[in-house]
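The block underneath contains the structure these notes are about, expressed in structure tokens.
Just so it is clear, none of the values below were taken in a lab; they were calculated from the coordinates. This is a predicted model, so every value here is computed, not measured. All Cβ positions, glycine included, derive from the backbone under ideal geometry; neighbour counts span all protein chains shown.
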Amino acid sequence: MTAVVNDATEKMDLRAELIVRIGGYMTAHSIGVAAELGIADLIKDGVRGSDELAAESGTHEPSLRRLLRTLTAVGLTTEPEPGRFALTDVGAQLRSDSPDSLRAFSRMFCHPILLRAWQGLGHSVTTGERAFDHVYGTDFYSYVAEQGDANRLFNEAMSEESRIAAGQLAAGHDFSEAKKVIDLGGGDGTLLAAILSGRPQLRGVVFDSASGVAEAPATLEKAGVADRCEVRAGDFFQDIPMDGDLYIIKSVFQDWNDEDSLALLRSCRSQMPDSATLLIVGSVLPETASTDQPIMFFTDLNMLVNTGGRERTEAEFRAMLEETGFTVRSVRLGAAGPLSIIEAAPAAAGR
Ligand SMILES: C[S@@+](CC[C@H](N)C(=O)[O-])C[C@H]1O[C@@H](n2cnc3c(N)ncnc32)[C@H](O)[C@@H]1O
């Protein structure tokens, strides 16, 4: 009798585990709507009633309450009394006034543009093609560049995602020999601002497409480093600044397939000085998947859907760098928050 009960309980638990995972898209939609409405900003540090929150957010109270109960079920809010809600530490990251905010990141990754592209996952898995292009008829970066609000949101989301890695890279890497740091695909300049702050001898260039650097002047100004940092728009497959001694490429290679990644490395190799150093900052996949680091596998699949790129293992990075004329000096796993740092130098320099 006991064995039968245990068997039934175990089966129910297993079913629940799968069903909770299937509910992942419902969770994503719920987080996206809450982030869009700014609900976490309305709750702040307090415990707020769904009636007050509905009045302040202009929403339908019984429905908002159901949304908040679902967010409670997945650990973003608590409901200490019926109909009253507070933020958990996880949910507090949806506050826009938090230095650790992931509100823009949540709004971007739960945005209808990306959710619609993800509906094409089956197409990507069947054909190996980018679902984004299949759905929208153009590539991700060209599309987003044409959408003013979504472009701003994407740049802000990348900046939020970069903050911890930027802080750790800025604090943990030895910049004492560098004079001019070039951040290729540097987006809104969050990383370079963190590196230049507190190092008055250092100069920098944020290099990205015109839509990518659109928010960079404001970021650099706010960080007080604008007088030492240029913002240059361009295409890193064509012309990169040639006047740096340290080149950083963070969270860029996963956007590109192997052919494009090799082209980008060749562009760097042929234009950066022989004496310069290249730092690749990004995820380095383990050889086998496990439940330990789900985010890098989500990113990998997200790249299959949206950009046609992929995450890579250390061996794959080493092979690409060697093929394009670089010598790998070190690979520091997890040295920049969740990200790793690969340091390389032009091989011909014999260093
Ligand atoms: C995933 S984002 C990473 C941004 C930033 N490095 C960070 O870590 O937050 C990739 C960046 O590559 C830029 N990018 C894409 N194609 C580019 C190109 N052809 N030339 C220069 N930048 C490009 C995008 O605009 C975007 O800012």
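Cβ crowding within 10 Å ranks His123, His173 as His123, His173, fewest other Cβ atoms first.
Please arrange Tyr136, Tyr25 by how many other C-beta atoms lie within 10 Å of their C-beta, fewest to most.
Tyr25, Tyr136
Compare the peptides 88-96, 180-188 by average per-residue count of other Cβ atoms within 10 angstrom and give them in order, highest first. Write out the running numbers ahead of the final one.
Details: 88-96: 17.7, 180-188: 25.4.
So the order, starting with the most tightly packed, is 180-188, 88-96.
Backbone amide hydrogens, once placed in the peptide plane, bring Glu230 within less than 5 Å of Gly204, Val205, Val206, excluding anything fewer than 5 places away on its chain. Highest mean packing comes first when the peptides 38-50, 202-214 are listed by Cβ atoms within 10 Å, giving 202-214, 38-50. The phi-based Karplus calculation (6.51 cos²θ - 1.76 cosθ + 1.60; θ = phi - 60°) puts the 3J(HN,Hα) values of the range 268-279 at 5, 4, 7, 10, 7, x, 4, 8, 7, 10, 10, 10 Hz, whole numbers, x for Gly and Pro. Loop-located GluC sites (Glu not before Pro) across the range 237-330 with a Cβ neighbour count of 16 or fewer within 10 Å are Glu287, with loop assigned by DSSP. The range 220-263 and the range 161-201 have Cα centres spaced 12 Å apart.
Quick check on packing: order 155-162, 331-338, 17-24 by the mean number of other C-beta atoms within 10 Å, highest mean leading. Provide the component values of the computation, followed by the final result.
On the way: 155-162: 22.2, 331-338: 16.2, 17-24: 10.5.
The packing order, highest mean first, is 155-162, 331-338, 17-24.
You can think of it this way: the chain between Arg69 and Glu259 has 63.7 nm of extra reach, that is 0.36 nm per residue less the Cα-Cα gap.
In debye, nearest 20: dipole of the range 272-351 around its Cα centre with unit charges on the Cβ of K, R (+) and D, E (-)?
Numbers: 6 positive and 10 negative charges, 38 e Å.
The calculation lands at about 180 debye.
For Phe326, the amide hydrogen comes within under 5 Å of the amide hydrogens of Ala347, counting only partners 5 or more places away or on other chains and with H modelled in the peptide plane. Converting phi to 3J(HN,Hα) with the Karplus coefficients 6.51, -1.76 and 1.60 and the offset θ = phi - 60°, the range 182-197 yields 10, 9, 7, x, x, x, 7, x, 4, 5, 5, 4, 5, 6, 6, 4 Hz in sequence order, with x at every glycine or proline. With the helix formula -39500 (n - 2.57) applied to DSSP H stretches of n ≥ 4, the chain reaches a computed 222 nm mean residue ellipticity of -14500 deg cm²/dmol.
Give, in nm to one decimal, the length gained when the segment between Glu56 and Phe297 is fully stretched (0.36 nm per residue of separation minus the Cα-Cα distance). It would help to have the intermediate numbers written out before the result.
Numbers: separation 241, 0.36 × 241 = 86.76 nm, distance 3.79 nm.
Length gained between Glu56 and Phe297: 83.0 nm.
Under 5 Å from the amide H of Leu285 lie the amide H atoms of Arg312, Thr313, Glu314, each residue being 5 or more positions distant or on a separate chain, with H modelled from the backbone and absent for Pro and chain starts. For the range 74-83, 3J(HN,Hα) computed residue by residue from phi via the Karplus equation (6.51, -1.76, 1.60; θ = phi - 60°) reads 9, x, 8, 10, 10, 10, x, 9, x, x Hz, glycine and proline entered as x. Candidates Val231, Met303, Gln293 compared by Cα position along the dipole of the range 158-349: farthest toward the positive end lies Val231, with charges placed on Cβ.
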